[in-house]
Amino acid sequence: MPMTDTKARNAKPKDKQFKLFDTEGLFLLVSPAGGKWWRFKYRFGGKEKLISLGTYPEVGLAMARQRRDAARKQVADGIDPSQARKALKSAIAQNENTFEMVAREWHAKFTPTWTPGHAAMILRRLELNVFPWIGARPIIDIKAPELLMVLRRIESRGALETAHRVRIICGQVFRYAVATGRAERDPSADLRGALPPVKPKHFSAITDPEKVGGLLRAIDGYQGSFVTKCALRLAPLLFVRPGELRQMEWAEIDLEAAEWNIPAEKIKTRQAHLVPLPHQSLEILRELHPLTGSGKYVFPSPRTPKRPMSNNGVLSALRRMGFEKDEMTGHGFRAMARTILDEVLQIRPDFIEHQLANAVRDPNGRAYNRTAHLPERRKMMQTWADYLDGLKEGAKVIPMRKQAEQ
């Protein structure tokens, strides 16, 4: 007898599972727990096979019959419904697990742990260099030679360093795919040594004290934007990373306490950083406050106060003053301070590294702490600012070590 919807609805569970048959291989399987599943029994290749057509009442009798009829048509056409369903699931899984989809998922998961600029840079490198070539490929199918072709395409346009960085990013994506069960291994690991090594680059910096004096006088004579000039004047005094300086916010500055508290999301090491402000820097900030203090950023973009000055603001100003790229960069102020504080002013290296906000440990093995050695760092920052004033005024440069010997 054909099944009826009333019969399916009123079927009560028994101690053992049982079947209520419809026609042409369709039946309803009722479990002891009360669950009801539609099943279709058919023969293919001389063997009896079974597939599920859904659960009742989500799938009613009419829909179950439609699905049965579609499966019977596949059998008539020489297609095994079970294998066809597995192939469809595999295709869907592959479309959901392409390199691009996994990479974007990985990027979204880790973006909160990165600075906004770093997150944007990683995504842009993937979008420009990787997605157009292997983004649509199932990540599980990508092997080392295919990834190497992507990297060599980057290398061929003279961007060897970018190629190495992209390999590292892809490795992180593959390892995430392995951890989430969508890849078996990381093929980027097989490419170590496949690209020529990158020659180490050092940010150009002026570290000779006499030349530093000339640089400081040139900054004082800068004829461009007053906002840019103030950034130039603060750069050697505070020797923070260029991105940290240009994104300085008034809300982060305590002029009374003479402190600049940089939040963790703006710092490369992802740890909040405290910068003691020498009185020379406070004078610059108080001079600038009437101009930009009503906005968010200390150094806003000339186009809109809602954004900070551009990445190249300080660098372009240095070029306009005649300092070439192999002579001085925005990062160079950090190398300048590290070198002179150590070799000339004889400051303890761990004080310097803490103030540079580098991921290092002090002589006692302690990791970076924003308030570690704060009294000593306050003194160091003021000593540094006073020393720069002396260089700017053309004072005779005498290393501190020699002074102590006299």
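The values are calculated or read from the model by the stated rules, or taken from the named source; none is laboratory data. Model, not experiment: these values are computed from the prediction. Every residue, glycine as well, gets a Cβ built from its backbone with ideal geometry; the counts of neighbours run over all protein chains shown.
Looking only at residues of the stretch 325-353 that are free of Cβ contacts under 8 Å to residues at least 40 places away in the same chain and surrounded by fewer than 19 Cβ atoms within 10 Å (Cβ to Cβ), we find that the one that is nearest to the chain's Cα centre (by Cα) is 353.
Please indicate, with yes or no, whether at least one residue in the stretch 353-372 is in the same structural domain as residue 258 (by TED's automatic domain parsing) and modelled with pLDDT of 90 or more. Step through it out loud before you land on a result.
Quick first cut of the stretch 353-372, residues in the same structural domain as residue 258 (by TED's automatic domain parsing) only: 353-372.
After this cut, where a residue has to be modelled with pLDDT of 90 or more as well, the list is none.
Looking through the stretch 353-372, none of the residues is in the same structural domain as residue 258 (by TED's automatic domain parsing) and modelled with pLDDT of 90 or more.
Considering only residues that are small (Gly, Ala, Ser) and in a loop (DSSP other than H, G, I, E, B), look in the stretch 203-223 and name the one that is surrounded by the fewest Cβ atoms within 10 Å (Cβ to Cβ). Steps first, please.
Pass one, the stretch 203-223, residues small (Gly, Ala, Ser): 204-205, 213-214, 218, 221.
Then drop every residue that is not in a loop (DSSP other than H, G, I, E, B), which leaves 204-205, 221.
Numbers: 204: 16, 205: 19, 221: 9.
So the residue we want is 221.
The conditions are (1) closer than 17 Å to residue 377 by Cβ; (2) of a type in the set (A, V, I, L, M, F, W, C); (3) within 24 Å of the chain's Cα centre (by Cα); (4) not in a loop (DSSP other than H, G, I, E, B), and residue 240 fails exactly one of them. Which is it? So residue 240 meets the others, but not (4). Looking at (1) of a type outside the set (Val, Ile, Thr); (2) in contact with a helix residue (DSSP H, G or I) (Cβ under 8 Å, 6 or more places away or on another chain); (3) in contact (Cβ under 8 Å) with a residue 60 or more places away in the chain; (4) in the same structural domain as residue 274 (by TED's automatic domain parsing), can you tell me which one residue 182 breaks? Every condition holds for residue 182 apart from (4). Among the residues of the stretch 137-196, those identified as basic (Lys, Arg) and out of contact with any Ser or Thr (no Cβ under 7 Å at 6 or more places or on another chain) are 143, 152, 153, 157, 165, 175, 182, 185, 192. Picking from residues in the stretch 122-163 that are surrounded by fewer than 14 Cβ atoms within 10 Å (Cβ to Cβ) and either within 17 Å of the chain's Cα centre (by Cα) or among the small types (Gly, Ala, Ser) (or both), the one that is nearest to residue 176 (Cα to Cα) is 136. The set of residues in the stretch 1-23 being surrounded by fewer than 14 Cβ atoms within 10 Å (Cβ to Cβ) and assigned to a loop (DSSP other than H, G, I, E, B) consists of 1, 2, 4, 12, 14, 15, 16, 17, 23. Does residue 48 fit the bill of being of a type outside the set (Val, Ile, Thr), in a strand (DSSP E or B) and more than 20 Å from residue 2 (Cα to Cα)? Yes, satisfied. The requirement of being out of contact with any Ser or Thr (no Cβ under 9 Å at 6 or more places or on another chain) and either modelled with pLDDT of 95 or more or surrounded by 14 or more Cβ atoms within 10 Å (Cβ to Cβ) (or both) is satisfied by residue 296.
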